[in-house]
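The values are calculated or read from the model by the stated rules, or taken from the named source; none is laboratory data. Keep in mind that this is a model prediction, so the values were computed, not measured. Because the Cβ atoms are built from the backbone with ideal geometry, glycine has one as well, and the counts that use them run over all protein chains shown. Quick note on the areas: whole protein, heavy atoms, side chains included, nothing else; ligands and nucleic acids left out. Shrake-Rupley method; radii C 1.70, N 1.55, O 1.52, S 1.80 Å.
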Amino acid sequence: MVRLFREDDATLEPLVGKTIAVLGYGNQGRAQSLNMRDSGMTIIVGNADDKYAADAREDGFEIHSIRDATAKGDIILSLLPDEVTPAIYAESIRPGLKAGDTLVFASGYCICFDQISFPDDINVVMVAPRTMGALVRESYLNGRGFLSFLDAHQDVDGQAWPIALALAKAIGSLKYYAMQATFKSEAELDLFTEQALVPAIAAALMTAVEVLVAAGYDKIESALEMYLSGEMGDILHEAAHLGFVGQTSLHSPTSRYGTKSRLHLFATPEFRKNMEEILVNVQNRSFANEWAAEQAGDYQHFRALEKSMADSVFAQVERDVMHELAAATPQ
Ligand code: NDP
């Protein structure tokens, strides 16, 4: 049975009088630190003394090394990139942990793939927002909230769930709602979305724009029609409320007929097989091993992939369109 939690299901009491150490001041680290401070919590930040630390200092936070912040914190949020977390955990987090601490992750990755083992005397929980850091902050400020997945991996004192719920409330998630989901399902579903759904959408957009431009259509009109106008975002936004099928009723009969009569051209057996293979590689840890090897190899393949996309016809069209639109004067 689905377990959902809203604002009234949690109290901030388990966080009162506690020091919350946020390790990492990137996408999630900055947004969650600001939200929790605005909710009245005591926050310190753990980061190397570099650009991210400068951002945190400018935002008014006390900065420590990751090891010192862990030692000073009662509740420690590890908001570091997943692939570097096991090494940082061994070197800097594990030595600072004390009996009764609560260690918090924003993703199920390292636990799902057994990359970290914990001392028996701490709580280990997951508070994983289902949105980007910038929107974690924006949704806090506008009061809308956002979905989070919560779970408790270790509960030494009966406080794991009350603390997870309190954190979900303090970062602003419960204004929308949070849901219980295992570390395993959070990690596997997230990877599947990133590796199957997002590339499918990216391939559709890239191919569509390239086909239209090659056929002589104006690149600005093409890119705006495809997605830069925000219409595609609006469709997915409505799908989140009405369901994808439900939102089709918002479109004209011409549009609905066109979409439904051509769907089979894309939902091919090969398309399905690719998705199934991606899922198997997530489940059998092939992807986690591949990504760990990338990190060990100084991200060489990753850098080549980033360059390849940045150099694509599609990326060039986008840069041109953005440039021309920015320079255009509304008539
Ligand atoms: P970021 O990439 O934004 O994290 C950057 C931070 O990590 C910086 O403070 C950086 O400091 C620190 N960092 C990076 N490498 C190292 C290193 N080798 N040693 C020490 N510190 C390091 O991470 P995100 O905020 O994107 O992700 C954090 C967690 O949140 C992850 O578990 C992710 O899965 C999860 N999450 C992310 C979402 C997102 O949209 N981004 C959504 C939901 C969950 P410096 O480089 O100075 O050392």
>> I'd like the accessible area for Ile44, computed on protein heavy atoms only with a 1.4 Å probe and all protein chains in place. Round to 10 Å², please.
In response: 10
> Cα centroid distance between the stretch 57-101 and the stretch 28-51, in Å?
Replying inline: 12
>> At 1.4 Å probe size, what's the solvent-accessible area of Leu141? Round to the nearest 10 Å².
In response: 120
>> Compute, for the chain, the length of the dipole vector about the Cα centre, with Cβ point charges of +1 (Lys, Arg) and -1 (Asp, Glu) only. Units Debye, rounded to 20.
In response: 540
>> Can you give me the solvent accessible area of Phe192 with a 1.4 Å probe, rounded to the nearest 10 Å²?
In response: 50
> With axes computed from alpha carbons, what is the tilt in degrees of helix 27-38 against the longest principal axis of the chain, rounded to the nearest 10 within 0 to 90?
Replying inline: 60
> Rounded to the nearest whole Å², what accessible area per residue is found for the stretch 187-263 with the 1.4 Å probe?
Replying inline: 65
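Which entries of Lys72/Lys98; Lys98/Lys175; Lys51/Lys169 have Cα-Cα distances beyond 21 Å here?
On the way: Lys72/Lys98 10 Å; Lys98/Lys175 32 Å; Lys51/Lys169 29 Å.
Too far apart for the 21 Å limit: Lys98/Lys175; Lys51/Lys169.
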>> If you scale each eigenvalue of the Cα gyration tensor by 5 and take the root, what three semi-axes come out for the stretch 133-252, rounded to whole angstrom and sorted largest first?
In response: 38, 17, 13
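Rounded to two decimals, what is the ratio between the C-alpha radius of gyration of the chain and 2.2 N^0.38 Å? Display every interim value, and only then the final one.
Values: Rg = 22.3 Å, N = 331, 2.2 N^0.38 = 20.0 Å.
Against the compact-globule rule of thumb, the ratio is 1.12.
What number, rounded to the nearest 500 deg cm²/dmol, is the helix-based mean residue ellipticity at 222 nm of the chain, given -39500 (n - 2.57) per DSSP H run of at least four residues and division by all its residues?
Details: 17 runs with 169 residues, N = 331.
For the chain, the value works out to -15000 deg cm²/dmol.
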> Per q in 0.13, 0.18, 0.19 1/Å, what log10 I(q)/I(0) does a Debye calculation on the alpha-carbon atoms of the stretch 241-318 return?
Replying inline: -0.79, -0.99, -0.99
> If only Cα atoms are counted, what is the Rg of the stretch 159-224, and what is its Dmax, in Å?
Replying inline: 20.3, 63
>> Taking the solvent-accessible surface of protein heavy atoms with a 1.4 Å probe, what is the per residue accessible area of the stretch 8-84 in Å²?
In response: 45
> Hey, any idea what % of the chain's accessible area is carbon plus sulfur with a 1.4 Å probe?
Replying inline: 57
> Among the chymotrypsin sites (Phe, Trp or Tyr not before Pro) within the stretch 245-331, which fall in a DSSP loop and have no more than 16 other Cβ atoms within 10 Å of their own Cβ?
Replying inline: Tyr299
> Quick one, what does Rg over Rh come out to for the stretch 200-331 if you take C-alpha atoms and the Kirkwood Rh?
Replying inline: 1.04
> Between Leu236 and Ser255, how many nm apart are label points set 7 Å from Cα along the C-beta direction?
Replying inline: 1.7
>> Please list, by residue number, everything in the stretch 187-217 whose backbone N is under 15 Å from a paramagnetic label point 7 Å out along Cα→Cβ of Gln115.
In response: 187-192
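Only bridges with both residues in the chain count here: give the DSSP antiparallel percent, nearest 5.
Working: 8 of 31 bridges.
Taking every DSSP beta bridge with both residues in the chain, the antiparallel ones total about 25 percent.
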> When the solvent-accessible surface of protein heavy atoms is calculated with a 1.4 angstrom probe, in what order do Val280, Val2, Val127 fall, highest first?
Replying inline: Val2, Val280, Val127
>> Taking loop as defined by DSSP and a crowding limit of 16 other beta carbons within 10 Å, which trypsin sites (Lys or Arg not before Pro) in the stretch 86-164 fit?
In response: Lys98, Arg144
